[in-house]
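Asks: Dropping the structure in here first, questions after.
Taken together, the values in this text are just the output of simple stated rules run on the coordinates, not laboratory data. What you are looking at is a predicted structure, and each value in this text was computed from that prediction instead of being measured. No Cβ is skipped: glycine too gets one built from the backbone with ideal geometry, and neighbour counts run over all protein chains shown.
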Amino acid sequence: MMRRAVQRRFMSFSLNEEQQMIQDMARKFAKEVMIPVAAHHDKTGEYPQDVFAKAWENGLANTHVPEQYGGPGLSNLDSVIITEELAYGCTGMGTALEANGLASAPVLVAGSEEQKTEYLGRLTAEPIQAAYCVTEPGAGSDVQGIKTKAVKKGDEYVVNGSKMWITNGGVANWYFLLAKSEEEGFLGFVVDADTPGITKLPKEINMGQRCSDTRGITFEDVVIPAKNLLGKPGDGFKIAMKAFDKTRPPVAMGAVGLARRAYEEAVAYAKERQTFGKAIAEHQAIQFMLADMLMGIEAGRLLVYQAAIAADEGKRNTHLASMAKCFCADHANKVATDAVQIFGGNGFNSGYPVEKLMRDAKIYQIYEGTSQVQRMIISRWLLSN
Amino acid sequence: MLRRTLPSSMRAVVGVKHAVDYTIKVQVKGGQVVKDVRHSMNPFDEIAMEAAVQLKEKGIVSEVVAVTIGNAKAVECVRVAMSLGADRSVHVVGDQTAIDNLETLQVAKIFAKLHEELQGDIYLMGKQAIDDDQCHTPQMLAGLLNIPQGTFAAGLTVADDKSSVTVQREVDDGHQTVNVSLPAVVSCDLRLNTPRFPNIRNIMKAKKMPVNTMKIEDLGIDLTPRTATLEISAPEARKGGGKVADVDELINKLKNEAKAI
C-alpha cells in the first residue's frame, strides 16, 4: 500500500511484484537453459532450436503478440525485462528470439485481422521463426535505396531482388518483405518462405552472435498475392520504420544484458586475480573501469525503460528508442572491451567467457539502425522540437 | 485421526517457504544473521510444488493449495506457487519479529490448525529449508495430526484407490520404500523431480488469483519460542593449507596441530 502511495507522488524505479517474477523466471531460464550451451552454439554456429523451443514453451518468445492471437500479450516494459535477462545468457540466442518480434512488428502495426490471425497465429501455435526482410547488399542504412522490385500483375505482385543479413533468414516460416513498385511506391508484404522463387543463400559466418542465422535471400519472380500486402500501397517504408519504435528498445536492452554479463564476469575475476600483492579489484585503475561499466549499464537500462514505457503509454517514442539503442550499443562495446582488458591475457582466450561477449557486442552498433543513423534520428528530432 | 471416506479427488497442500535465496552469501553482523537479502522459494519446496502439480496433471489431485508463513513480502512465494500451478494459496502473515521468532514446532502447529479447514489429503513439503536446515516441520506436522509420514522422498506413487502413497525414501545407505495411508505428510528430497519454470502466461494469471491472507496472531496458537538462541557466529575463515615433506610430518601435524588423531 505504501508503495502505491509512493508511486502516485513520484515515479517508481523498482519493478512491481509481477515484473519481479517475470525477471526472476527469465533470469533462471538464462542460467539453467541458455548459459550451459552458449559456448557450444557459438563454436559450432548451430542454430539454437532447442533453446528457442523451450523459451517458446515458457512464454518467453513472441512477447508482444496479443493474447487474442495466442501470444503472452506482454507490455513493452515487461518484454524488455525479459530481453535483458535472455541477453545476459547469450545474445546470439536472444537475437534469434527477438527476430520474431522484429518480423511481427510490421504485422502488428499495419496488418488486417486476417493477416494478424494467420501470421502471428503461426508463431504462437508452434516454436517457429519469422524474419524481417528489408536490408539489401546495396542498401542498409539507406532503406529507401532498396532495389527489390514488385510489379503488379492483376491480383498478384511479382517480386525480384536480393536481400542480405536477414536474421532467421534460413529458418523462417514467413518474412516481412519490403519492396518497391514504380507505380505504387514502397510495399510491405508478408510472404511464405517456401514460395517458389525464394532462395536462401548459405548461412553467413559472423564475428559474433554466431548461432543466430543470418543470410542472403534472393527473390526471382516470386509471386505474392495482393492480399498479402500490409496496409495500403505506398505505406511500406513507413510501416517498416514504425516497427523500429517497438523493436529498438528490446535490442537496446539486449546490449544492456550483454554489458551486465561482461561487467559481472569482470567483477568476479577482479576479486580473484592477484597482481602486485593484492586482488586487482583493489587497484584504482580496475576500480574506475568497473565503476564506469556500472554507471552506463544503470543509465542505459533506465533509457530503455523510458522508451518502452512511452510506447506502452501510446506516446511517440522514436527519439527515446534511438537514444536508448545508440547509448546502450556503444556502451556495451566499451564494457565488453574493458572486460577483456580486465581479464588480461585470459580475456583474449576462448576458455574464458569475455572474448565471446566482445565479439557479440559489435553488432549492436550496426543492426537495427547503426549508431550513426540513431544520431541522425536524434539530432533531427531535437532540432525540430 | 479418523479417516473420512476415501476421496474421489484429492487435495494437495504444499508448504512453500520464502527462504534466503541460495545464491546469497549469508553474513553475520552484530551477532545476527543479515536477513535483508534476496529471498525466494526454498528449492526443496519447488520440488514439492512440482510433485503436486504433476499429481494434478495426472488427474490424481484435483486441487493444489500453496501455503506460506512469513512476513508481508512472503506473498511473492505463493504467487510463484500459483504461477507454477497451485489453484489457490494461503499466506499466514506476521511482522518481522514474529517471523524471526518462529520455530519449527509453531510452523507445524500452524499447518495443523490450517488442516481443520484445508483437510489436505497429502501434505507436500521440502525436506528442509535451506536457510535454517532444521528438517523438523514435516515430521512434527505428521505427529501433531497423528498421520503417517514419508520423508526424504525420491520417488512418490499414489495408489489407484487413493488410500495410500508409496514413498521411496533416500536414506544414508540407499533407498527405503514405505507405503503410508493417506492423509499423510511427504517431505521431498532433491532427486524427486526437476521443477519446471513458471510459464510467463501463468505469472500473468497468478496476479489475479486468490490469496487468502491470515494474520498469524489470529490463529490462536501459542507462538512462544521453546528454545533460546545463545549465540550466532559465522564459521571461522578458512585458513590456507600447507605442504608436508613426508608421511612423518603429516602424522605429526595431524596429531599435534589438527589434533585429528
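Asks: Explain nothing, just compute: Karplus ³J(HN,Hα) = 6.51 cos²θ - 1.76 cosθ + 1.60, θ = phi - 60°, for every residue of region B:240-251 in order, whole Hz, x for Gly and Pro.
Replies: Here the 3J(HN,Hα) series is x, x, x, 9, 10, 7, 7, 5, 4, 5, 4, 5 Hz.
Asks: Next up: Mind giving me the nanometre distance, one decimal, between the label points for residue A:23 and residue A:125, set 7 Å out from Cα along Cα→Cβ?
Replies: Roughly 3.7 nm, to one decimal.
Asks: Could you please tell me the mean projected area of the C-alpha convex hull for chain A, averaged over all directions and given in square nanometres to one decimal?
Replies: 20.6 nm²
Asks: Calculate one ³J(HN,Hα) per residue across region A:296-306 by plugging θ = phi - 60° into the Karplus curve 6.51 cos²θ - 1.76 cosθ + 1.60, and present them in order as whole Hz with x for glycine and proline.
Replies: Couplings: x, 5, 4, 5, x, 4, 5, 4, 5, 3, 4 Hz.
Asks: Okay, moving on. May I ask you to give the average projected area over all directions of the convex hull of the Cα atoms of region B:99-242, in nm² rounded to one decimal?
Replies: Seen from a random direction, the Cα hull of region B:99-242 projects 14.1 nm² on average.
Asks: Give me the net charge for the shell around residue A:369: Cβ to Cβ below 12 angstrom, other residues only, Lys and Arg +1, Asp and Glu -1.
Replies: Taking every other residue near residue A:369 into account, the sum is 0.
Asks: With a Förster radius of 35 Å, plug the Cβ-Cβ distance of residue A:183 and residue A:68 into 1/(1 + (r/R0)^6) and report the FRET value to the nearest 0.05.
Replies: Step by step, r from the Cβ atoms, then E = 0.50.
Asks: Next question. Based on a Kirkwood Rh over C-alpha pairs, give the Stokes-Einstein translational diffusion coefficient of region A:197-321 at 37 °C and viscosity 0.692 mPa s in µm²/s.
Replies: Calculated translational D: 174 µm²/s.
Asks: Based on other C-beta atoms within 10 Å, arrange A:95, A:117 from fewest to most.
Replies: Ordered from fewest to most neighbouring Cβ atoms within 10 Å, A:95, A:117 come out as A:117, A:95.
Asks: Measure nothing but the geometry: give the 0 to 90° angle between the long axis through the Cα atoms of A:371-384 and the longest principal axis through the Cα atoms of chain A, rounded to 10°.
Replies: With rounding to tens, the tilt is 80 degrees.
Asks: Let me ask another. What is the sum of charges around residue A:167, taking Lys and Arg as +1, Asp and Glu as -1, for the other residues whose C-beta is under 14 Å from the C-beta of residue A:167?
Replies: My count for the surroundings of residue A:167 gives 0.
Asks: To the nearest 10 degrees, how steep is helix A:91-110 against the longest Cα principal axis of chain A, on a 0 to 90 scale?
Replies: Tilt of helix A:91-110: around 40 degrees.
Asks: So, one more: Taking amide hydrogens as modeled 1.01 Å from N in the peptide plane, which residues meet the under 5 Å criterion relative to residue B:150, leaving out close sequence neighbours?
Replies: Amide H neighbours of residue B:150, under 5 Å, 5+ apart: B:185, B:186, B:187.
Asks: Say R0 is 22 Å: what FRET efficiency, to the nearest 0.05, do residue A:151 and residue A:370 get from their beta-carbon distance?
Replies: 0.10
Asks: Let me ask something else. Compute, for chain B, the length of the dipole vector about the Cα centre, with Cβ point charges of +1 (Lys, Arg) and -1 (Asp, Glu) only. Units Debye, rounded to 20.
Replies: 680 debye
Asks: List the residues, sorted by chain then number, that are 5 or more residues from residue B:155 or on another chain and whose placed amide H is less than 5 Å from its amide H.
Replies: It is B:168, by chain and number.
Asks: With the crude spin-label approximation of a point 7 Å out along Cα→Cβ, what separation in nm comes out for residue A:49 versus residue B:34?
Replies: 4.8 nm
Asks: Moving to a separate point now. Pick from A:16, A:62, A:173: which is most flexible by mean-square fluctuation in a GNM of chain A where alpha carbon atoms under 10 Å apart are linked?
Replies: Most flexible of the set in this elastic network: A:16.
Asks: Write out the chymotrypsin sites (Phe, Trp or Tyr not before Pro) in region A:177-278 meeting two conditions: DSSP loop, and at most 15 other Cβ atoms within 10 Å of their Cβ.
Replies: Filter output for region A:177-278: A:276.
Asks: Using helices alone, I'd like the mean residue ellipticity at 222 nm for the protein assembly as shown: each DSSP H run of four-plus residues gives -39500 (n - 2.57), total over residue count, nearest 500.
Replies: Theoretical 222 nm ellipticity from helices: -13000 deg cm²/dmol.
Asks: Gap in Å between the Cα centre of region A:295-342 and the Cα centre of region B:1-79?
Replies: One Cα centre to the other: 37 Å.
Asks: Assuming R0 = 60 Å, what is the FRET efficiency of residue A:379 and residue B:96, from their Cβ-Cβ distance, to the nearest 0.05?
Replies: 0.70
Asks: With a cap of 11 neighbouring Cβ atoms within 10 Å, and only residues DSSP puts in a loop, list the GluC sites (Glu not before Pro) found in region A:169-241.
Replies: Counting only loop positions with at most 11 other Cβ atoms within 10 Å, the GluC sites (Glu not before Pro) in region A:169-241 are A:182, A:183.
Asks: Under 13 Å from a label point 7 Å along Cα→Cβ of residue B:26: give me every residue in region B:99-118 with its amide N that close.
Replies: none
Asks: In addition: Specify, per residue and in Å³, the volume enclosed by the convex hull of the alpha carbon atoms belonging to region A:200-253.
Replies: With only Cα atoms used, region A:200-253 gives 133 Å³ per residue.
Asks: Using a 10 Å cut-off around each Cβ, can you sort B:90, A:159 from fewest to most neighbouring Cβ atoms?
Replies: B:90, A:159
Asks: Another question, then. Just tell me, in residue order, which DSSP H segments of chain B are both 15 angstrom or longer along the helix axis (alpha-carbon based) and at least -1.0 in mean Kyte-Doolittle hydropathy.
Replies: B:43-57, B:104-118
Asks: Distance between Cα centroids, region A:109-178 to region A:72-106: provide it in whole Å.
Replies: Each part reduced to its Cα centre gives a spacing of 19 Å.
Asks: Tell me the label-point distance for the pair residue A:275, residue B:196, using the 7 Å Cα-to-Cβ offset, in nm and rounded to one decimal.
Replies: The answer from the label model is 4.9 nm.
Asks: Let me ask something else about it. Please list, ordered by chain and number, the residues whose modelled amide H lies under 5 Å from the amide H of residue A:174; skip anything fewer than 5 residues away on the same chain.
Replies: A:131, A:193
Asks: Are there GluC sites (Glu not before Pro) in region B:39-100 that DSSP puts in a loop and that have at most 13 other Cβ atoms within 10 Å, and which ones?
Replies: none
Asks: Translational diffusion coefficient, Stokes-Einstein: compute it for the protein assembly as shown using the Kirkwood radius over C-alpha pairs as Rh, at 10 °C and 1.306 mPa s, and state it as an integer in µm² s⁻¹.
Replies: My calculation gives 57 µm²/s for D.
Asks: Let me ask something additional. Using the Karplus equation 6.51 cos²θ - 1.76 cosθ + 1.60 (θ = phi - 60°), what ³J(HN,Hα) coupling, rounded to whole Hz, does each residue of region B:254-259 give in order, writing x for Gly and Pro?
Replies: My calculation for region B:254-259 gives 5, 6, 9, 9, 7, 6 Hz in order.
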